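Derivation of every value follows stated rules applied to the coordinates shown; laboratory data play no part. Note that this is a predicted model, so its numbers are computed, not measured. Cβ atoms come from the backbone with ideal geometry, glycine included; neighbour counts cover every protein chain shown.
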Amino acid sequence: MDSKITMEDIVSLSKRRGFVFSSSEIYGGFAAIYDFGPYGTELAKNIRELWWKTMVQENDNIVGLDSSIFMSSKVWEASGHVDGFSDPLAECKKCHSRVRVDHLLEDAGINADEKMSDEEINKLLKDNIDKITCPKCLSNDFSEAKSFNLLVKSNLGNFTGNWNDEPTYLRGETCQGIYVNFKNVLDSSRVKIPFGIAQIGKAFRNEITARQFIFRKREFEQMEMQYFVHPDDAKKIYDVWKEKRWDFYINILGFNKKNLRWSEHENLVFYAKEAWDIEYKFPFGFKELEGIHNRSDHDLTTHSKHSGVKLAYRNPKTNEEFMPWIVETSVGVDRMFLAVLTEAYHKEELEDGKSRVVLKFPFKLAPVKVAIFPLMKNKENLQNKARELYDKLKLKYVCEYDDNGNVGKRYRRQDEIGTPYCITIDFDTLEDNSVTVRDRDTMKQQRIEIERIDEFLNKKLN
Ligand code: GAP
């Protein structure tokens with residue numbers, strides 16, 4: 001990422017090139033909800049696949065799960081979300097925007113404890129009112145703060161018409177689906193502690209502030225892994241996962257170390273033993289990208305108590321029985337998407353005095369891997385040759401065929417969507433069966449025989 005990249009750059013490219021659209025845009029949009037366009041869909045798919053490969057495929061003792069978005073409301077009562085999953089909300093008396101008081105305080109350098117009562121948070125707000133301003137109108141006249149529950153309610157299965165009768169919730173985090181399936185997975189597969197269950201899926205939160213593009217959405221996707229361990233091993237295993245997740249960003253995604261940092265949770269939820277976030281330097285500053293949490297035995301103990309089902313684990317060798325502790329890694333697809341996009345975004349001045357925007361994605365994540373151009377649109381023999389190559393390569397890679405405008409313009413377009421290689425079929429190709437391959441990052445071109453293209457791409461892209 002270049003230091004001058006702004007959020008406007010990212011938002012504008014996302015829309016212009018079909019990465020991200022506002023939801024229901026033709027009806028004026030829908031706050032904090034976004035859709036992935038054609039290239040965004042490919043990028044998000046590649047992010048999910050890379051995470052899954054790193055977490056599930058490459059770890060013998062991590063298995064996958066796909067639990068439902070809807071679960072018994074008893075799950076959310078047991079987990080504490082029905083009573084405690086809330087943010088302090090206040091209204092600006094001047095412009096009437098709703099704001100999260102903990103964020104207002106945070107922006108002023110004051111940390112609000114998650115456990116604070118409405119009374120305590122209001123006192124903190126009052127004591128620091130001189131340091132605080134409404135992000136929209138800059139006033140500092142606010143209503144009293146009130147807790148606002150983030151769970152999204154639905155009327156699934158409620159045929160009485162009375163909204164308050166039997167609330168069902170859209171899941172607020174995917175990990176609860178893992179906890180309530182712990183016994184099913186244990187009984188049906190050959191896993192033994194320590195082992196993990198990983199899941200990718202949608203989560204929903206009634207987020208108060210709809211800011212910062214796809215950083216904080218109301219409908220988003222999480223990639224969570226819950227690792228079940230013996231209590232004595234929890235700290236050691238926690239430290240290993242911290243290192244592995246950091247390594248993912250540095251060595252697998254190739255992020256610049258300067259754009260990442262660790263941040264320890266100052267105010268731990270009561271059950272957590274340790275919690276750190278990996279923060280990324282988004283265009284609006286360092287913010288949480290991924291959380292790594294040591295959740296103690298809280299989750300299984302709570303669900304065991306509320307469901308009446310024994311969730312303790314018996315070691316088959318020693319017969320020791322214990323309640324497993326959980327080490328969690330949790331990151332949003334959308335948030336990783338935004339970090340990847342920010343990291344990849346480069347504005348470059350070119351030798352001819354022009355400039356280009358190029359997304360330098362890691363090849364694994366690039367939405368399109370190869371673009372194929374016939375030099376000219378109206379020459380049938382060039383078109384045929386280019387089509388032939390395209391039809392062959394598209395079976396293996398996501399490819400794009402482009403015969404629109406001059407080749408220079410086509411390069412700029414592919415740069416803006418981060419395509420690693422562009423291949424041009426020209427008149428020489430018809431003579432010598434070679435093509436021009438242009439490299440996204442160096443912009444260097446080389447001639448390669450068509451027979452060797454597959455081998456070349458295989459080496460570079462895999
Ligand atoms: N199970 C633990 C959990 O859900 P969290 O810190 O609330 O913890 C974990 O969320 C991750 O999910 C965050 O680090 C972030 O990447 C992503 N996330 C959370 N809320 C989000 C939102 N409203 N929009 C996009 N991503 C979100």
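Points worth noting:
- Sequence-separation-based contact order of the chain, relative, with Cα cut under 8 Å and 6+ spacing, percent: 14 percent
- Cα-based helix-to-principal-axis angle, 118-127 vs the chain, degrees rounded to 10: 70 degrees
- R0 of 25 Å, Cβ-Cβ distance PHE456-ASN381: FRET efficiency to nearest 0.05: 0.60
- For the chain, Cys with no neighbouring Cys Cβ under 4.7 Å: CYS175, CYS399, CYS422
- In range of the label at ASN128: residues from region 244-282 whose backbone nitrogen is under 18 Å from the point 7 Å along Cα→Cβ: 264-269
- For ASN181 and HIS265, a Förster radius of 25 Å and the Cβ-Cβ distance give a FRET efficiency of 0.40, rounded to the nearest 0.05.
- Net length gained if the chain between LYS354 and MET7 were fully extended (0.36 nm per residue, minus Cα distance): 122.7 nm
- Site pair LYS258 and ILE33 shows an inter-label distance of 4.0 nm when each label is modelled 7 Å from Cα along Cα→Cβ.
- Acute angle (nearest 10 degrees) that the helix 234-247 long axis makes with the longest principal axis of the chain, alpha-carbon atoms: 30 degrees
- Stretch gain in nm, segment ASN162-ASN111, where the contour uses 0.36 nm per residue and the Cα spacing is subtracted: 14.4 nm
- Whole-Å semi-axes of the ellipsoid equivalent to region 86-149 (Cα gyration tensor, √5λ, descending): 17, 13, 10
- Principal-axis tilt of helix 450-461 within the chain, Cα atoms, nearest 10 degrees: 20 degrees
- The Rg/Rh ratio for the chain is 1.02, where Rg is the radius of gyration of the alpha carbons and Rh is the Kirkwood radius.
- Ordered by the number of other Cβ atoms lying within 10 Å of each residue's own Cβ, fewest first, TYR313, TYR271, TYR27, TYR179 fall into the sequence TYR27, TYR271, TYR313, TYR179.
- Exposure proxy shown here: for THR429, THR54, THR160, the number of other Cβ atoms within 10 Å sets the order, fewest to most, as THR160, THR54, THR429.
- DSSP beta bridge pairing in the chain, given as percent antiparallel to the nearest 5: 85 percent
- Taking 30 Å as the straight-line reach from the Cα of LYS123, the lysines in range (excluding those fewer than 8 positions away in the same chain) are LYS93, LYS94, LYS115, LYS131, LYS136, LYS146, LYS217, LYS273, LYS287.
- The loop-placed trypsin sites (Lys or Arg not before Pro) in region 391-462, going by DSSP, that have at most 16 neighbouring Cβ atoms within 10 Å of their Cβ come out as LYS394, LYS396, LYS444.
- Distance (nanometres) between label positions extended 7 Å along Cα→Cβ at LYS305 and ARG190: 3.7 nm
- Computed over region 368-461, relative contact order equals 29 percent, with contacts defined as Cα pairs under 8 Å that lie 6+ residues apart.
- Ordering VAL435, VAL357 from the fewest to the most neighbouring beta carbons within 10 Å gives VAL357, VAL435.
- As a calculated quantity, the FRET efficiency between LYS45 and HIS346 at R0 = 22 Å, using C-beta atoms, amounts to about 0.40.
- Rounded is the label for region 368-461. Its Cα gyration tensor axes, ordered a ≥ b ≥ c, give a/c under 1.5.
- Mean shadow area of region 33-158, taken as a quarter of the surface of its Cα convex hull (nm²): 12.4 nm²
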